[in-house]
Amino acid sequence: MAVEILMPELGESVHEGTVSRWLKKVGEFVKEDEPVVEIMTDKVNTELGAPASGVLTEILIQEGEQVEVFHAMGLIEEGATAGSTSTKVDKPAPESKAEVPPQEEAPLPPRVAASGGRRWYSPVVRAIAKANGLSDDQLAGIAGSGANGRVTKADLEAFLAKSANKPSSVAQPLVPKSVAPPVVGTDQEIYPLMGMRKMIAEHMMRSAAVPTVTTITECDVTPMVAFRERNKEAFQAQYGVKLTYTPFFLKALAETLIEFPIVNSSLRDDFQVVKNNGVHLGVAVALGEKGQDGLIVPVIRDCHKKSLIELAKDLEGIAKAARANSLKPTDVQGGTFTLTNPGTYGALFGTPMINAPQAAILGAYAIRKQPVIVEDMIAIRSIMHLVLTYDHRIIDGLVAGQFLAALRDRLQKFDFFK
């Protein structure tokens, strides 16, 4: 009996994913719950277990291809053993048929969402539609073949191809003129953006559509640096985790976000503001043992209720999970604000991009000893830049400046965690 390997629902807002890697080959035996395929979404990279024990007989979705939630990616012949059943190595291409003169068909009525409300389009469909100048009305006129009549990437591409072949009286074509392929030199190569990098690229395009402004302040963290230097060994011995600078930033951020709730909010597409009463901080961490697999933003929840010690333990936990590629979909959902800390690898300054739909992101940059004027005297102090990028639709420059000043004061006084 053939059992389908279905794309699961990996979160409320996740409607499709990309098959990044098949962990088993066609013809190989796989045990129930044994990892068989690796799926990548804009939320997380995860391995899926086999739904049954048997032989992987067919791969329906190839590596690098997208798949919608609840669609089949492959087939397992339940109860079979390797070599005991015929397998399909590749998905057979459909046989070419004699061309039949096409008949004029009446256009199919557009389907609507099952709820009868506004139609949902995936980020990929939105991006393609935007690139080709399609309006929402034109999108609504496309008959979708996805779940509940949802328009898929294939539906949109078919519509664009049909539109391109039709004589049109419209001044602006839906599909731009094709351009010549790039000339590749002898020391160059071209490869498609795939997997996590492709997901990051698509998410950054959505974030870039938000009108943002960046505000910067300097912060004297000399007391914090001295405290960490004196206590880092004792802290690790007593609590079993390293004391880095990041937990201090998280603690100060949590308290400051409670003071300025608008910075901890988000703006929906219908111009409704979502006010978050809890502080759930996303922290940008590297994926893979050496950070070679890109960045991801797992979430530490209820930071406003946690001590410095608890934050340090949570931070080390998500960092280890990211390095081991063992984060779960729930680990990267529900963030209300993001912290990125490029200072850990020496970056002095930058303008981070918000993690839409969140309203803001803070960049914490490298701490360096510098000569500064203190009470009309030259002193050597530990100085860093705090950089806030924010959604200017709901956060004004005055509020951003006040937020940064309050955060800076907490770090400089260094009594926020006592």
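The table below lists the values:
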item	result
Identity of the residue in the stretch 71-92, more than 25 Å from Leu193 (Cα to Cα) and loosely packed, with under 13 Cβ neighbours inside 10 Å, that ends up modelled with the highest pLDDT	Thr81
Residue satisfying condition, being touching a strand residue (DSSP E or B) at 6+ places or on another chain (Cβ under 8 Å), closer than 20 Å to Thr340 by Cβ and modelled with pLDDT of 95 or more, within set Val263, Val297	Val263
Selection from the stretch 325-344 of residues that are out of contact with any Gly (no Cβ under 9 Å at 6 or more places or on another chain) and more than 11 Å from Ile300 (Cα to Cα)	Ser326, Leu327, Lys328, Thr344
Check on Gly282, in contact with a Ser or Thr (Cβ under 6 Å, 6 or more places away or on another chain), not β-branched (Val, Ile, Thr) and not in a loop (DSSP other than H, G, I, E, B)	yes
The stretch 31-58 - residue that is part of a strand (DSSP E or B), over 27 Å from Leu287 (Cα atoms) and hydrophobic (A, V, I, L, M, F, W, C) and, of those, farthest from the chain's Cα centre (by Cα)	Val55
Residue tally, condition of a type in the set (A, V, I, L, M, F, W, C), in a loop (DSSP other than H, G, I, E, B) and modelled with pLDDT under 80, over the stretch 178-222	6
Residue count, the stretch 265-279 (criterion: touching a Lys or Arg at 6+ places or on another chain (Cβ under 8 Å) and buried (at least 19 other Cβ atoms within 10 Å of the Cβ))	1
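The values are calculated or read from the model by the stated rules, or taken from the named source; none is laboratory data. Computed from a predicted model, the values in this text were never measured in an experiment. Virtual Cβ from ideal backbone geometry, glycine too; neighbours counted across all protein chains shown.
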